[in-house]
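Okay, so here's the structure we're looking at.
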Amino acid sequence: MAEQEGTVGQEATRALRLEVKGTMRIIDKDGNVKGECDIVALDDETEEDQQ
Amino acid sequence: MQISTGLQDILANAIDTEVGATSQVRWYTTGLATKLASATLANPAFGASSSGVITLDVTPVIEDTTPAAAGTCVRLCIYKTTAATSGAFVLQFGVNPTGTPDVTMANNVIATTDTVQLTSLTVTVPVGTPDVT
C-alpha cells in the first residue's frame, strides 16, 4: 500500500482562534452615556483602520 | 481539530501570564498615534481559566476619568506593562462606528472631560471539533 500524506489545513488551525467578548462605554461630564457597545472579536480578523 | 479542556486552560492562562502583573488598557487614535485614555488592570488581570475561558477582573471599575487627550478612538489595547510603547500590546482591537470592527461604537469620540470604561472582557480558547468534511 502506498504511503499516504495528510495536510493540516486552515480548518484545523481555525480551532485555535481566540474569541473575545466584552463591553466598554464612554460617559460625558454630565453622566450621560455617549457610547456603550459590545466588543466581539476573533483573532483571524485583520481589517485595517476604516477611518 | 479538537483540543482537550486542559490544553484550552493552558493556552488561555498563558494570555493572562503574558499580560502580567502591571497591565493597562489603553484607548488610541488611528495608527496608535495618540493615547487618549488608559486604566490600570488588576493583578492578575484575568481570573484562572475555566474550560478555556478567562474573564477580566473589573472590580474595582476599570476606567479613566481624566483622559489624556481628546480624539477619535480607533484602537482598544491591552498592555503587559505600564511602560510599554504603543506597539507593544498583547491584545489589540479595532473601534469604529460602522462596518464590522471588533468594537462597533456609534460615538467613539473621546473628550478630556469624559469617563472611559472597560466594563467586561472574556477571552475564549475554543475547544474545536474534529472535522471530516
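Counting only other chain Cβ atoms within 10 Å of each residue's Cβ, the peptide B:36-42 averages 0. Enclosing the Cα atoms of region B:22-83 in their convex hull gives a volume equal to 96 cubic angstrom per residue.
Between the alpha-carbon centres of region B:1-69 and region B:74-133 there is a gap of 9 Å. Amide H contacts of B:Gly52: B:Asp9, each under 5 Å away and 5 or more positions distant or on a separate chain (H built 1.01 Å from N in the peptide plane; Pro and chain starts excluded). Note: region B:34-133, Cα convex hull, 134 Å³ per residue. Values of log10 I(q)/I(0) for the protein assembly as shown across q = 0.15, 0.17, 0.19 Å⁻¹ run -0.87, -1.07, -1.28, by the Debye formula with one identical scatterer at each alpha carbon and no solvent.
Note on chain B: with charges restricted to the Cβ of Lys and Arg (+1) and Asp and Glu (-1), its dipole about the Cα centre is near 300 debye. Any idea what angle helix B:5-19 forms with the longest principal axis of chain B, computed on alpha-carbon atoms, 0 to 90 degrees, nearest 10? Long axis of B:5-19 versus the principal axis of chain B: about 30 degrees.
Read-outs: derived from the displayed coordinates by stated rules, not from any lab. Remember, predicted model here, so these are calculated numbers, not experimental data. Here the Cβ is made from the backbone with ideal geometry for all residues, glycine too, and neighbour counts use every protein chain on show.
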